[in-house]
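Written below as structure tokens is the structure these notes are about.
The values are calculated or read from the model by the stated rules, or taken from the named source; none is laboratory data. The structure displayed is predicted, hence computed values, not measured ones. Reconstructed Cβ throughout: ideal geometry from the backbone, glycine too, with neighbour counts over all protein chains shown. All accessible areas refer to the heavy atoms of the entire protein, side chains included, with ligands and DNA or RNA removed. Shrake-Rupley method; radii C 1.70, N 1.55, O 1.52, S 1.80 Å.
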Amino acid sequence: RIWAHEALRLFQDRLVYDEERRWTDENINAVAMQYFPSTERDVALKRPILFSNWLSKDYKPVDQEELRDFTKARLKVFYEEELDVPLVLFNEVLDHVLRIDRIFRQPQGHLLLIGVSGAGKTTLSRFVAWMNGLHVFQVKVHNKYTAEDFDEDLRNVLRRSGTRGEKICFIMDESNVMDSSFLERMNTLLANGEVPGLFEGDEYTTLMTQCKEGSQREGLMLDSGEELYKWFTQQIMLNLHVVFTMNPSSEGLKDRAATSPALFNRCVLNWFGDWS
């Protein structure tokens, strides 16, 4: 069952059309029966296959209705503390919530969520981030927002996650990309855990001081700028999760994949289909 779960996450989440998803389901079942012939197909491969550690401390299969009740209770608190946008908990929502949760638990777990506006991409990401104790950061774009403003926002996020050990979920929508340099910056960040040239002069000196303080808190004695900067990027990889949300378009993905390869090979793609 866990094998089938990983196979579905790996292949099915990236697919666009229902017939492709059905094809994956059928193939996974066929391969399972070929290599695990003694299993009871209807029990072992019964859909939906949901794995989570929300209901217990271990990552194990959960019952859909138990998960729904638990999520409902957590959502009530979320509405009071964070964001009052009522969500209807139908099956796909539970599916997507667990998919997002699975990525947030991985170091360098970044997401690319594709779906029409209003599908709940941002709301679900914020809910799961809240469940995992992540601080949410979103770019506040206005008509005078420039590449310098974006760099300042990035510096702020990287300082928080890299020197203070703050766990951050950085949610960015494609509508926030006012300039192609934004995407270039994000692409480099996803690929390397840093953006060269972002911290220079006084900014760099201050950063080194903050890194020294941060690493000393962890009991590390790092002296050279090189060691400190390496520690800084490792912290970012551990603590920062980027969620990039975009609308599906027939043309857009090809161009994006060519100009920003890290968006596609460093992010786990999750396609929000039409809600049933």
Subject >> Equivalent ellipsoid dimensions for the chain as semi-axes, Å, which come from the Cα gyration tensor, largest first >> reply: 35, 22, 19
Original post:
About the Cα centre of segment 153-229, what is the dipole size in debye to 20, counting +1 per Lys and Arg Cβ and -1 per Asp and Glu Cβ, all else neutral?
Top reply: 320 debye
Original post:
Can you list the HN-Hα couplings for segment 127-136, worked out from phi with the Karplus curve (6.51, -1.76, 1.60; θ = phi - 60°), rounded to whole Hz and with x for Gly and Pro?
Top reply: 5, 5, 4, 4, 4, 9, x, 8, 7, 8
Subject >> Separation in nanometres of the label points that stand 7 Å from Cα toward Cβ, at R164 and E40 >> reply: 5.3 nm
Subject >> Check: segment 2-112 dipole with +1 on Lys, Arg Cβ and -1 on Asp, Glu Cβ, in debye >> reply: 300 debye
Original post:
Anyone know which of V139, V242, V85 comes out most mobile in the 10 Å Cα GNM of the chain?
Top reply: V85
**OP:** Would you mind listing how long segment 32-83 runs along its three principal axes, going by Cα atoms, in whole Å with the largest first?
**Re:** 49, 19, 15
Original post:
For segment 127-176, rounded, prolate or oblate, judged on the Cα gyration tensor with a ≥ b ≥ c (square roots of eigenvalues), a/c < 1.5 rounded, else prolate if a/b > b/c?
Top reply: oblate
**OP:** Just the number, please: carbon plus sulfur as a percent of the accessible area of segment 190-276, 1.4 Å probe, no ligands or DNA/RNA counted.
**Re:** 51 percent
Subject >> Semi-axis lengths, Å, segment 18-156, gyration tensor of Cα atoms, sqrt of 5 times eigenvalues >> reply: 34, 19, 15
Subject >> Options F264, F244, L124, ranked by Cα towards positive dipole end of segment 124-276, top entry (Cβ charges) >> reply: L124
Subject >> Distribution of pairwise C-alpha distances over segment 98-204, 5 Å bins, in % >> reply: 2, 10, 21, 24, 22, 14, 5, 1, 0
Subject >> For segment 225-237, Karplus couplings with θ = phi - 60° (6.51, -1.76, 1.60), whole Hz, Gly/Pro x >> reply: x, 5, 4, 5, 5, 5, 4, 4, 5, 5, 5, 4, 4
**OP:** Quick one: Debye curve from the alpha-carbon atoms of segment 80-126 only, equal weights, vacuum; give me log10 I(q)/I(0) at q = 0.13, 0.16, 0.23 Å⁻¹ to two decimals.
**Re:** -0.32, -0.49, -0.95
Subject >> Given charges at Cβ of Lys, Arg, Asp, Glu: segment 42-91 dipole, positive-most of P86, V43, L55 >> reply: V43
**OP:** Report, in whole Å, the centroid distance computed from the Cα atoms of segment 34-54 and segment 183-227.
**Re:** 45 Å
Original post:
Most fluctuating residue of N143, N53, N187 in a GNM of the chain with Cα springs under 10 Å: which is it?
Top reply: N143
**OP:** Project the alpha carbons of segment 150-193 onto their principal axes and report the range along each, largest first, in whole Å.
**Re:** 29, 19, 16
**OP:** Quick one: which residues, 5 or more positions from H135 or on another chain, have an amide H under 5 Å from its amide H? H modelled 1.01 Å from N in the peptide plane, none for Pro or chain starts.
**Re:** K167, I168, C169
Subject >> Cβ charges +1 (Lys, Arg) and -1 (Asp, Glu), total dipole of the chain, debye >> reply: 660 debye
Original post:
What 222 nm value per residue comes from the helices of the chain, counting each DSSP H run with n ≥ 4 as -39,500 (n - 2.57) and dividing by all residues, nearest 500 deg cm²/dmol?
Top reply: -17000 deg cm²/dmol
Subject >> Phi-based couplings in Hz for segment 199-211 (Karplus 6.51, -1.76, 1.60; Gly and Pro marked x) >> reply: 10, 9, x, 4, 4, 5, 4, 4, 4, 4, 4, 5, 5
Subject >> Accessible surface, segment 73-171, averaged per residue in Å² (probe 1.4 Å) >> reply: 44 Å²
**OP:** Take the chain, connect every pair of alpha-carbon atoms lying under 10 Å apart with a spring to form a Gaussian network, then pick out the residue of R41, R68, R105 with the largest mean-square fluctuation.
**Re:** R41
**OP:** Using a 1.4 Å probe over the heavy atoms of the protein chains, calculate the carbon and sulfur portion of the accessible area of segment 12-132 as a whole percent.
**Re:** 51 percent
